Amino acid sequence: MSRNASSDSRPVSAIWGGRFASGPSAVMEAINASIGFDKRLYAQDIAGSKAHADMLAACGILSQEDNAAIQEGLDRIREDIEAGRFEFSTRLEDIHMNVETRLRERIGDAAGRLHTARSRNDQVATDFRLWVRDAMDHIQGLLRDLQRVLIDRAEEHFDTVMPGFTHLQTAQPVTLGHHLLAYVEMFGRDRSRFRDARARLNECPLGSAALAGTGFPIDREQTARALGFDGPMRNSLDGVSDRDFALDYLSAASICAVHLSRLAEELVIWTSAQFGFVRLPDAYSTGSSIMPQKRNPDAAELVRAKAGRVIGNLNSLLVVMKGLPLAYSKDMQDDKEPVFEASDTLELCLAAMTGMVEHMMPNVARLRESAAQGFTTATDLADWLVRELGTPFRDAHGVAGAIVRMAEDRGVGLEDLTLEDMQAVEPRLTDEAVRVLTVDASVSARSSFGGTAPSRVREAVREARRRFLETEDT
């Protein structure tokens, strides 16, 4: 006798029924079981089973007495799980069989009728869609919270002048409020991506059965409505094998994580001694085990790092799905862990970033001082030449550049040059040209729609509140 056949004295799997003469090996049981992670689907699994049982009863496939027993039994199982009284078994592989087996222990043979006209293939596809839909709704709330904090801080600093950067080199003065509102827009697009993904997700696979549908006279519209879907999926093969909804979720999560990482990177830079733009509170900072003076922005650094985790989860599921023929393959059991981990990671990062933005302390004086460094108002001088003297912009650019070179050679700022100094380059310059060289004049002049002028920032704050905080997601 082979060792595997003789050493395995466990009973034949209750899941697989009569097809196999012996149960799985310990290794097979370990690699095959998903209960360690898919127990997170318990609420969705029970909701799907309750809707399925109600439909079977309405269609005359299940007796009303059996349905009542199933409904009551499932409610009690959910209570047990949430109270920590439910013992999950790896021998039963997954959340579906753990629940069904416990249901049979409670109500007897009626539990065995619950699986009529469905398969674990359409069951897990339904559970997973419900879970991802709930996760998207939760993420929407967290994104709204972050936007609210950003908008509040933008309103507080609508006229706080700071340097704007390109290539991480000082470019032109902007306002801190304007800078923060840029992230409000980014996170608004993230919300729209989750909203779009949710709309595409909202079709019900239940009733697709294993892959080909079922011969029982079921009502898929009823189960879809009961579970909050717009309707049933139109193709049973697609119903059990599609994981686009999970990829959509991970894609939106990855882009959101990138936005969080960019903001985190700025906080890391801004809190450095070389910049000194912002101070994070103790609650979001750490010290050093050796250097007493250190104050590290670890929360921001970890948000930055965890973007890689979320992106990696997207890549992981893409690779799992890329070579699978229709319909269901066991590979798809590995679809959930990347989604669960990405969701947990993103939720944590959103909460951390919301706290950091809400409690960060901008150094207004340092921001203003830095805004004037690096000849950031040179473009304002060129614009004045165009506007007041009719100079072609390319010529005005050359004049302003020559004046910048003069200031640089002397080791002073543009605002430190006298009118006579500048008239040596362009004799037609007047006192008005000197006045445009202040950072306040510079930001005030940028009053085009979407610009950094304080008046525009205040308008943008009001509009952002209306667009993102005063309307409900659908």
Failed condition for residue 158, given (1) more than 30 Å from residue 465 (Cα to Cα); (2) in a loop (DSSP other than H, G, I, E, B), with all others met?
-> (1)
Residue selected from the range 361-395 under the condition open to solvent by less than 30 Å² (accessible area, probe 1.4 Å) and in a loop (DSSP other than H, G, I, E, B), by the criterion modelled with the highest pLDDT = 391
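Condition check ((1) of a type outside the set (Gly, Ala, Ser); (2) at pLDDT below 95; (3) in contact with a Cys (Cβ under 8 Å, 6 or more places away or on another chain)) across all residues:
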{"residue": "398", "(1), (2), (3)": "no, yes, no"}
{"residue": "415", "(1), (2), (3)": "yes, yes, no"}
{"residue": "424", "(1), (2), (3)": "no, yes, no"}
{"residue": "463", "(1), (2), (3)": "yes, no, no"}
Flagged in the range 300-344 as among the aliphatic types (A, V, I, L, M), over 17 Å from residue 31 (Cβ atoms) and buried (at least 21 other Cβ atoms within 10 Å of the Cβ), in numbering order, are 300, 303, 307, 310, 314, 317, 339, 342
All conditions in (1) in a helix (DSSP H, G or I); (2) more than 30 Å from residue 126 (Cα to Cα); (3) in contact with a helix residue (DSSP H, G or I) (Cβ under 6 Å, 6 or more places away or on another chain); (4) open to solvent by less than 50 Å² (accessible area, probe 1.4 Å) are true of residue 398 except (3)
Of residues in the range 440-458 being among the hydrophobic types (A, V, I, L, M, F, W, C) and touching a His at 6+ places or on another chain (Cβ under 9 Å), the one surrounded by the fewest Cβ atoms within 10 Å (Cβ to Cβ) = 453
Hey, can you tell me all the residues within the range 198-219 that are among the aliphatic types (A, V, I, L, M) and either under 12 Å from residue 121 (Cβ atoms) or outside any helix (DSSP H, G or I) (or both)?
-> 206, 209, 210, 211, 212, 218
Have a look at 414, 419, 437 and point out the one that is in contact with a helix residue (DSSP H, G or I) (Cβ under 7 Å, 6 or more places away or on another chain), aliphatic (A, V, I, L, M), without any contact (Cβ under 8 Å) to a residue 40 or more places away in the chain and surrounded by 16 or more Cβ atoms within 10 Å (Cβ to Cβ).
-> 414
For the range 150-205 the number of residues that are of a type in the set (Ser, Thr, Tyr) and either over 14 Å from the mean Cα position of the chain (by Cα) or surrounded by 24 or more Cβ atoms within 10 Å (Cβ to Cβ) (or both) is 4
Residues of the range 245-261 being hydroxyl-bearing (Ser, Thr, Tyr) and open to solvent by less than 30 Å² (accessible area, probe 1.4 Å), which ones?
-> 249, 254, 261
All-but-one check, residue 425 against (1) part of a loop (DSSP other than H, G, I, E, B); (2) within 42 Å of the chain's Cα centre (by Cα); (3) of a type outside the set (Lys, Arg), failing number (2)
By residue number, the members of the range 267-290 that are buried (at least 20 other Cβ atoms within 10 Å of the Cβ) and either charged (D, E, K, R) or outside any helix (DSSP H, G or I) (or both) are 271, 277, 278, 280
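The values are calculated or read from the model by the stated rules, or taken from the named source; none is laboratory data. The structure presented is a predicted model; accordingly, all values stated were derived computationally and were not measured. Neighbour counts run over all protein chains shown; Cβ positions are idealised from the backbone, glycine included. Note: accessible area is taken over every heavy atom of the protein model, side chains too, but ligands, DNA and RNA are not part of it. Shrake-Rupley method; radii C 1.70, N 1.55, O 1.52, S 1.80 Å.
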